[in-house]
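The values are calculated or read from the model by the stated rules, or taken from the named source; none is laboratory data. Fair warning: this is a prediction, and the values are worked out from it, not measured in the lab. Using ideal geometry, Cβ is built from the backbone for each residue, glycine included, and neighbour counts are taken over all protein chains shown. Heads up: the accessible areas ignore ligands, DNA and RNA and are worked out on the full protein's heavy atoms, side chains in. Shrake-Rupley method; radii C 1.70, N 1.55, O 1.52, S 1.80 Å.
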Amino acid sequence: MHVELTIKTLIEKALKQMPLDTWPDVEIEVPNDSTHGDFATNIAMKLARVLRKAPLVIAETLVANIPENSVIKHIEIARPGFINFHVDKRIYRDVIQKILAAGSDYGASTLGEAQRVNIEFVSANPTGSLHIGHARGAAAGDALARIMQKAGYDVTREFYVNDAGNQINQLVRSIDVRYRQQLGESVTMPEDGYHGAEIIQLAQKIIEQHGKRFLTEAGTNYFRKFGVDHLLAALREDLETFRVHFDVWFSEATLYESDAVKKTIDQLKTAGHTYEQEGAVWLKTTDYGDEKDRVIIKSDGSYTYLVPDIAYHADKLARGFEQLIDILGGDHHGYVPRLKAAIQMVGGQEHALEVELLQMVKVLQNGEELKMSKRSGKAITLRDLIDEVGVDPIRYFFAMRSLNTHMELDLDLALKESNENPVFYAQYAHARIASILRNAAEKSLSPSLDKPYQFETLQSDKVLELLAVLADYPATIERAAQKRLPHKVTQYIQRLAQAFHAFYAAEMVLSDDPLATEERLVMLHAVKIVMQDALELVGVEAKERM
RNA sequence: GUUCCGGUAGCUCAGCUGGAUAGAGCGACAGCCUCCGAAGCUGUAGGUCGAUGGUUCGAGUCCAUUCCGGAACGCCA
């Protein structure tokens, strides 16, 4: 049980002494100003109205009822009715042993109750390379997945492959154009074709393997398979390099092959969620809060893209997932209400689907905004970013921002190997610890970690502050997972690094006092474990040297 | 015209279920290496939380109106 929870429990016990019918939730917060204590509660103010007494009076009664304990050093009451708790920081010494015993499991919890969660993200069409928007999605989705896993959710990472729709026909046409162009024909790429360089490379490969045969012979089927296979393989490879691994690659085409699409339509019709108008079949999404009804079968008999999407989400539910999380680009916000409506029509609960929208990334280089152009195929690819900047800064930079914020990516900044670049601050802390431990080992100062240390030498404010940050790790993970806020973890990393650097600057680890040296080394082991684990959660490498 | 997102320090961004004197990093300025990695540490300056009105004991946070920036409004995907 962490300290926050302990205090909450103590307050709840005190509350039971009060003449109340219902007991309100006890909120514990960490005051901005440390002179207001380590934790505080506003419970007295919340009760003021119910009890019809002044908050300060209520606070006094409450404080008097708080049981004896070893956690709280002293309590003070402050206007207009806060109760501030100053914790005896020596209790934080326990955290070291906890961390050493748990290792990389420290911070894990059962919050998620093994709930089966499907996180779908990236899901880029196999029609080109991944660009910067996908990179944000990949970093955000994977970080969220790792964090939720740590918090006890049973997470599946899923990539939906749009290999059946119109865009694939477009891909085939584009490959065909590039193929002919390289064999000397003067054909031009249509406006809505795929202009990326990777399509040219595909055409080249086809020529290497098959020469001119598709000038006379129909190449459509071959182009489709060849294109999708190669582009998908490239996506997968780039994502793996980016340290993002998907558990499931779900093909849209299989939804047609298994008749799932047709079954979905039948189900919707039978349940009375559809009607015909002007030769088309409409879905009554307005029944579930959408702005207007949507067409699912066009008057020419073909399906709109909504149909396979419904079948797909129904399939996820059928596979037993209790919570679906879609991470989409912000430009799809208009799509969310109809998708949520549809999910309810195929038997899902209203909250079964949760959509996290990622806003646009504005890319700056040399102080100017880089505009992307689909027509020219000019876009910053994930591959470019990895080659030029490296995985660590990109992943960290994306993980630093809350999902739903518009963000700016300054390439010059990300490229800088300096303290302007926040990822180095954290990695440097880790490398510094590693360095100290190496030095200690050279001097044969490798303490056995399972000795029953009392940590009496750990007294200074800097040390106790560092321990307090370590102790806060589990609560941070839970908050980040529950509220889907991966950036809480990068904020934590900054806090931990800051607390360590401040300690490091203030006192020597390796000193003349053998016991103090030993206990501090043991503490550093614990800091290193947590730092590495936190970095791992956002997909960043913890370096031994840099 | 409707809908969604954003507007908080010079810059990039946090700010939880409405709580105390609105925070962090970077940048600026001033200090700190006879000592385990100075990619570090310590300190200072910097704010009408886009604007107006409302609800509340209390509003960056909730409501209404409005301004600015981004995005979406198809029998395209």
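Please list, ordered by chain and number, the residues whose modelled amide H lies under 5 Å from the amide H of A:Ser123; skip anything fewer than 5 residues away on the same chain.
A:Tyr160
For labels at A:Gln201 and A:Arg116 in the simple 7 Å Cα→Cβ model, what's the distance in nm?
3.8
Could you state the number of Å between the C-alpha centres of region A:260-328 and region A:1-51?
Their Cα centres are 47 Å away from one another.
What are the ³J(HN,Hα) values, in whole Hz, obtained from phi via the Karplus relation 6.51 cos²θ - 1.76 cosθ + 1.60 with θ = phi - 60°, for each residue of region A:526-537 in sequence order, with x given for Gly and Pro?
Along region A:526-537, the couplings run 5, 4, 5, 4, 5, 4, 4, 5, 5, 4, 4, 5 Hz.
Calculate I(q)/I(0) for chain A by the Debye formula, one identical point scatterer on each C-alpha and no solvent, and give its log10 at q = 0.09 Å⁻¹ to two decimals.
-0.84
Does region A:131-270 come out rounded, prolate or oblate by the C-alpha gyration tensor, with a ≥ b ≥ c the root eigenvalues, rounded set by a/c under 1.5 and, if not, prolate when a/b is larger than b/c and oblate if not?
oblate
Can you give the extra length, in nm with one decimal, that the chain gains between A:Lys53 and A:Ala506 once fully stretched, where that is 0.36 nm per residue apart less the Cα-Cα distance?
Details: separation 453, 0.36 × 453 = 163.08 nm, distance 4.76 nm.
Extra length available between A:Lys53 and A:Ala506 comes to 158.3 nm.
Over chain A, what is the relative contact order in whole percent, taking alpha-carbon pairs under 8 Å and six or more residues apart?
Averaging sequence separation for qualifying contacts and normalising by length gives 16 percent for chain A.
If amide H atoms are built 1.01 Å from N in the plane of the peptide, which residues on other chains or at least 5 residues away come under 5 Å of the amide H of A:Val295?
A:Leu283
In deg cm²/dmol and to the nearest 500, what is the mean residue ellipticity at 222 nm of chain A if only DSSP H runs of at least 4 residues count, each as -39500 (n - 2.57), divided by the residue total?
So the calculated ellipticity at 222 nm is -15500 deg cm²/dmol.
With a/c under 1.5 counting as rounded, go ahead and sort region A:324-414 into rounded, prolate or oblate using the C-alpha gyration tensor (a ≥ b ≥ c being the square roots of the eigenvalues; past the cut-off, prolate if a/b is larger than b/c, else oblate).
prolate
Of all the Cα-Cα pairs you can form in region A:1-113, what percent are over 21 Å apart?
Across region A:1-113, Cα pairs with separations above 21 Å total 42 percent.
Quick check: pseudo-label points 7 Å beyond the Cα along Cα→Cβ at A:Asp88 and A:Val187, how many nm apart are they?
Label-label distance for A:Asp88 and A:Val187, simple model: 8.2 nm.
Using the heavy atoms of the protein chains alone and a 1.4 angstrom probe, what is the accessible area of region A:207-309 per residue in square angstrom?
Value returned for region A:207-309: 57 Å² of accessible area per residue.
Near A:Lys298, which lysines are there with a Cα under 25 Å away, not counting those fewer than 8 places off in the same chain?
A:Lys262, A:Lys263, A:Lys269, A:Lys284, A:Lys340
Please work out the Kirkwood hydrodynamic radius for region A:493-545, using every pair of different C-alpha atoms, and report it in angstroms with one decimal place.
About 12.1 Å, per the Kirkwood formula over Cα pairs.
As a test of understanding, state the convex hull volume per residue of region A:107-195 from its alpha carbons, in Å³.
Value for region A:107-195: 100 Å³ per residue.
For chain A, what is the percent of antiparallel DSSP beta bridges, rounded to the nearest 5?
Within chain A, antiparallel bridges account for around 50 percent of the total.
Return the long-range amide H neighbours of A:His195 (sequence gap of 5 or more, or a different chain), with a cut-off of under 5 Å between placed amide H atoms.
Those qualifying (amide H under 5 Å, at least 5 residues apart or on another chain) are A:Gly377.
Using a 1.4 angstrom probe on heavy atoms only, work out the carbon and sulfur share of the accessible area of chain A in %.
Here carbon and sulfur together make up 48 percent of the probe-accessible area.
Report the extension gain between A:Glu442 and A:Thr9 in nm, rounded to one decimal, defined as 0.36 nm multiplied by the number of residues separating them, less their alpha carbon distance. Each step should come with its number before you reach the end.
Working: separation 433, 0.36 × 433 = 155.88 nm, distance 4.66 nm.
Taking A:Glu442 through A:Thr9 to full extension adds about 151.2 nm, to one decimal.
Please work out the FRET efficiency for the pair A:Arg545 and A:His351, using the Cβ-Cβ distance as r and a Förster radius of 45 Å; give the result to the nearest 0.05.
Efficiency, from the Cβ-Cβ distance: 0.45.
What shape does region A:256-304 have by the C-alpha gyration tensor, where a ≥ b ≥ c are the square roots of the eigenvalues, rounded means a/c under 1.5, and otherwise prolate means a/b greater than b/c and oblate the rest?
On the way: a/c = 1.96, a/b = 1.33, b/c = 1.48.
Oblate.
Return the sequence-ordered ³J(HN,Hα) values of region A:217-228 in whole Hz as given by the Karplus equation 6.51 cos²θ - 1.76 cosθ + 1.60 applied to θ = phi - 60°, using x for Gly and Pro.
Whole-Hz 3J(HN,Hα) from phi for region A:217-228: 9, 5, x, 3, 5, 5, 4, 4, 5, 4, x, 4.
Output the relative contact order of region A:101-260, whole-number percent, from Cα pairs under 8 angstrom with separation of 6+ residues.
Value for region A:101-260: 30 percent.
So what J values fall out for region A:460-467 if you push phi through Karplus, 6.51 cos²θ - 1.76 cosθ + 1.60 with θ = phi - 60°, rounded to Hz, Gly and Pro as x?
With the stated coefficients, region A:460-467 comes to 5, 4, 4, 5, 5, 5, 4, 5 Hz.
Any idea what the alpha-carbon Rg over 2.2 N^0.38 Å comes to for region A:395-449?
Rounded to two decimals, the normalised Rg is 1.68.
By how many degrees, between 0 and 90 and to the nearest 10, does the Cα long axis of helix A:391-400 differ from the longest principal axis of chain A?
70
Measure nothing fancy, just the Cα-based angle from helix A:487-506's long axis to the longest principal axis of chain A, in degrees from 0 to 90, nearest 10.
With both axes taken from Cα atoms, the answer is about 40 degrees.
With 31 Å as the limit, write out which pairs from A:Lys371/A:Lys528; A:Lys371/A:Lys483; A:Lys316/A:Lys371; A:Lys89/A:Lys528; A:Lys73/A:Lys488 have Cα-Cα distances beyond it, or answer none.
Distance filter (> 31 Å) returns A:Lys371/A:Lys528; A:Lys371/A:Lys483; A:Lys316/A:Lys371.
Note the angle between two axes, namely the Cα long axis of helix A:336-345 and the longest principal axis of the Cα atoms of chain A, as a number of degrees from 0 to 90, rounded to the nearest 10.
Orientation of helix A:336-345: about 90 degrees from the principal axis.
Could you tell me the relative contact order of region A:182-299? Use alpha-carbon pairs under 8 Å, at least six residues apart, and round to a whole percent. Let's see the in-between values first.
Values: 53 pairs, mean separation 12.4, N = 118.
11 percent.
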